[in-house]
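Here the structure comes first, spelled out in structure tokens, and everything after it is commentary.
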Amino acid sequence: MSATYLHLIQIGPVQSFIAAARRTQDLYVGSRLLSMIAAEGVRAAQRTDPQAELLFPIQDERGRLPQSVPHRFAFLSDQEPVTLARAVEQAVKDYWKKIIAGRVRDWLHDQIGAGEWTEVFDRQVENWLEVYCVAVPYDERAHGASYQKATEAMSARKQARHFPQVNEPGRKCTLTGAHSALSDRDEFWERLRQTPAIRRYEVTAGDGSADNMVLRRNERLGALALIKRLAVLAGALTVEGDPNFDDDRDPRFPSTNHVAGWPYETEPDRPLYLAVLHMDGDKMGERLANQRTKEEHQRLSGALAEFARTTVPALVNKRDRGDEGRTVLIYAGGDDVLALLPLQAALDCANDIQQKFAAQVGGTMSAGIAITSAGMPLDFGLDEARHAEKRAKEFYGRNAVAVRDVRSSAIRETGGKWDSGIITLVEDLRKAFKDGWLSGKFGYDLLEVSDVLDGEQLTEAREAETKRLLKRHSERGPEEERAKLAEELASTARSLGMADVARWVVLSRFLAKGGQR
């Protein structure tokens, strides 16, 4: 009888491909393409061994994989590991080179013909994708231990990464900064912009000159960036039924201005801000390793798949306010969520997601929220959201949220555990600021005294000073609401400390003003 192996396969690179984004469509398409590649890896494993049992992701009752397939997947198989791994790796690379990159290459060739660009394109496509495969003997009596061995083997395998030396001469891609642009010649890019398929998306730039929403006049892109930009037009990415697109071949996509709720007719010069939300389940690696049987593992995987497939999109999409602020769900795969949201919706949406996760999947989630200008590069906002999510886990101890306000060089950060009272506190503070009875200086005065009044031994002094400052800055406020707010501030300060509470007050005022000063 042949032995059974637990296979763990990971596709990459992930973060650098997704994060190289100048606009929302770059971010979304990069994530979707990686999911498509990972899905092909799962299908290749099933084709090679029809008896393979998926551990993660799990197919639904109709045999469909989730739209967002994680870049790491696990399954059980009796097939010889090396043969199976090679079959999956070959299938994944063929799919990337022939179906995704190949369709974009053929489309480009139809538009502008052959040329030196093809050599650069082929070289960059050939050297990009990474596939890591590990397999360990599977003991059904110790499922968790077998899975843990596989994750440890994957960590060791990734330490031995292969870094091919690739010469990338000439002008660099304006999106990735690492690869060569397909051409150094300006006339090449102008010719591409003037093709009928791209020219139809001509827009008027801020200085009144003509530009193009698919390919800006100052952009010089390498193969990877151009694949993300042209995947929809070239038919390499199917978006039929996707609410973000007008139709299945139209690259129109909500911009960061649309997410921020740009009032282009009434207030064209208003400052615009949006939120980048990144969420991740807490200690999911431990939870998976602690599943005693494959059936328990598959049930947990099924719960994660359903959460990502239906719950997260519903919670994000219901915050879409049309012209007042769009939402874009970039990725929802298991316990991992990435979304762009209007400023006002981010904290409430994150709170709803973590509550549904606890109810449907069990366990907790942490969130990082970056508040950024709509004009800032998206990769910057994405990095800051990930930084905030990491701080929520490491500084606040998981089951927490951290917010980084990165609208300027003076970054302000705050956070706390979900059960510390911050959600109710922020809601009541926003109402008080919006109703006009709480002064905007209150939070800054709290910040000034927070350093000297923080600490358990100063609880009484801190609460007395908070009440004094609140009274000073809310003389016109309803007595009952002022008393409730004073108690919430004191209670939350006991959990978080006065400095974090003061920063929540400052943030709440900013939210109450809709991002306006």
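We did not get these values from a lab; they are worked out from the coordinates using the rules stated. Predicted, not measured: the structure shown is a model, and the values here were computed from it. In this analysis, Cβ positions are derived from the backbone assuming ideal geometry, glycine residues included, and neighbour counts consider all displayed protein chains.
A few notes on this one:
- In sequence order, region 149-158 has phi-based couplings of 4, 5, 5, 5, 5, 5, 4, 5, 4, 6 Hz under the Karplus curve 6.51 cos²θ - 1.76 cosθ + 1.60, θ = phi - 60°, and Gly or Pro positions carry x.
- Positive-end residue, region 1-118 charge dipole about Cα centroid, Cβ charges, pick of Gly12, Val82, Leu54: Gly12
- In region 273-418, the inverse of the mean reciprocal separation of distinct Cα atoms equals 15.4 Å; this is its Kirkwood hydrodynamic radius.
- Classification of region 421-517 by its C-alpha gyration tensor yields a prolate form. The axis ratio a/c (a ≥ b ≥ c) is 1.5 or more, and a/b outweighs b/c.
- FRET efficiency, Gln355 to Arg123 (Cβ-Cβ, R0 45 Å, nearest 0.05): 0.40
- Taking the three principal axes of the alpha carbon atoms in region 5-230, the coordinate ranges are 69, 41, 29 Å, sorted in descending order.
- Qualifying aspartates and glutamates (Cα of each under 16 Å from Cα of Lys318; at least 8 residues distant if same chain): Asp242, Asp348, Asp352
- Mean ellipticity per residue at 222 nm, deg cm²/dmol - from DSSP H runs of n ≥ 4 across the chain, formula -39500 (n - 2.57): -14500 deg cm²/dmol
- Förster radius 51 Å - calculated FRET efficiency between Ala210 and Asp78 (Cβ-Cβ, nearest 0.05): 0.25
- Rg and Dmax [Cα atoms of region 367-490; Å; Rg one decimal, Dmax integer]: 16.1, 46
- Gln59-Glu324 pseudo-label distance in nm [points 7 Å out on the Cα-to-Cβ vector]: 4.4
- Principal-axis tilt of helix 294-306 within the chain, Cα atoms, nearest 10 degrees: 70
- Rounded if a/c under 1.5, otherwise prolate or oblate - the chain, Cα gyration tensor axes: oblate
- Between helix 422-435 and the chain: long-axis angle, C-alpha atoms, 0 to 90°, nearest 10: 60
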